[in-house]
1. Specify which residue in the list Val292, Gly328, Ile10 is farthest towards the positive end of the charge dipole of the chain, using unit charges on the beta carbon of Lys, Arg (+1) and Asp, Glu (-1), about the Cα centre.
2. For the chain, set up a GNM with springs between Cα atoms under 10 Å and report which of Trp430, Trp39, Trp201 has the largest fluctuation.
3. Cα axis of helix 110-126 to longest principal axis of the chain: angle in degrees, 0 to 90, nearest 10?
4. Distance between Cα centroids, segment 245-305 to segment 420-442: provide it in whole Å.
5. What 222 nm value per residue comes from the helices of the chain, counting each DSSP H run with n ≥ 4 as -39,500 (n - 2.57) and dividing by all residues, nearest 500 deg cm²/dmol?
6. What net charge is computed for the residues neighbouring Gln390, neighbours being all others with C-beta under 10 Å from the C-beta of Gln390, Lys and Arg scored +1, Asp and Glu -1?
7. So how far apart, in nm, are the two label points at Lys371 and Ser129 if each is 7 Å from Cα heading toward Cβ?
8. Quick one: dipole size for the chain, taken about the Cα centre, charges +1 on Lys/Arg Cβ and -1 on Asp/Glu Cβ, in debye to the nearest 20.
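No lab work stands behind these numbers, since they all come straight from the coordinates. Predicted, not measured: the structure shown is a model, and the values here were computed from it. Note: ideal-geometry Cβ built from the backbone for every residue, glycine included; neighbour counts use all protein chains shown.
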Amino acid sequence: MEDEKFDCIIVGGGVAGCAAAKILADNNMKILLVEKGEWTGSKNVSGGVLYGPTAWEIFPELYNTLENPPFERFINRRRLSFVSEESSFSIDYKTDHYNKVPYNGVSVLRSKFDRWLGEQVEEAISKSSFAEDSFVATEVMVESLIVKNGKVCGIKAGEDEFEADCVILAEGVNSLLTRQIGLQKEMVDAKYVASGIKEIWQYDRDLLEAKFQLDGLEGLSNEFVGCTQGIEGGGFLYTNKDSISLGLVLGIKDLRESDHNIYDVLDKFKEHTSIKNILKGGKMVEYSAHVVPVGDIDMIPKQLYTDGAVVVGDAAGLLLNTGKSIEGMNLAMESGRLAALAIIDAKKKKDFSKNSLKNYQDRLSESFVMKDLKNFRGAFQFIHNPDMFQKYPDLINSIMKDVFLVDGQEKQKTRDIIKKAVDESDLSYWDLMKTTLQGGISL
């Protein structure tokens, strides 16, 4: 039985699970990566931006794929749009500084990208001493963990049981197994999660590049504020090779308490003046929805390790929303890497107790992941101010409408335009002062 035991079992073939599996295989560990879908990441529906160098460090094979990369486009144009009923005001930034490899950010279609990650794990396994004994197993539903004498020592999938010295839980935001072993005490509160809804619109590639002024693999990411009919959340648009990912992320608690459903909010967004012309010439080819963390550090379990197990990625609630960008995949990958490094150390010491695996959380605390989450904790409260979802976008667009208005009448000075807009809004000068101060401190 000892010969059949794995050094580590990784539950979940998303970016966190694949990152951990790749590091472990590269370090000659006997592993089992299990994924409930048909291939790694096939259940992951998000289309977003993978930021930072982490992916390039864990998967240096990316450097060899630039002629036909597994990602869609590198992002060298960022746009933030404030939306009111009939208007939109955008902050738009484009730079050649982000044209260099490793790219600052790349747009990905997760099902495609995660499948490539899984192939890299299999390649790493084939080069290890356990080429015949390590596996990537798909269409495996893990129902529970094997726990003996308080230590996690394997998984149960149907009638099959697999044992290991350690288990990495990369199971996603629902985190059923994490709750089973008590690292998460109860169901995740609705205020900590959101419903992401996304459509893929396909275009002739030349048409897409003309619409967004793209050349080669250049890409755009566009976040929207004020497009959710007052519900907590926002919109997004990311350019892919010959398609766009368009959708919304809405707080489940706020959505539940509103009189809207998510499909109607998305349809209304698609009819907005900033979106409807973009959709001309495109065809909607895919629709999906998914539960995601909202980026509140309070969602993260106080302890991400126990005897024989660690928790990574969305299962650990790792998402950062600074208002400038939404980062999740890079945090998930980094947590997977740090978990793998902690398990490699535990293997050397032959100690997979929680005292040994605490090394993972210590590494995480010293990484950019937890440092950024702590430093930008105030940003979460600032961004989730209810006034941000309608009142402030309305105020901004009211000001800009009069700033650019030419009506044959005496022109108003900007300060008078702003005063008039504030006086006609539902915001007080005290609200503006508080929000400006909070934004300056938290962002």
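1. Value: Gly328.
2. Of the options given, Trp430 has the highest mean-square fluctuation.
3. 30 degrees
4. Taking the Cα centre of each part, segment 245-305 and segment 420-442 sit 27 Å apart.
5. -10000 deg cm²/dmol
6. Values: positive: Lys391; negative: Glu85, Asp387, Asp394, Asp426.
Taking every other residue near Gln390 into account, the sum is -3.
7. 3.5 nm
8. Details: 53 positive and 68 negative charges, 222 e Å.
In total the dipole reaches around 1060 debye.
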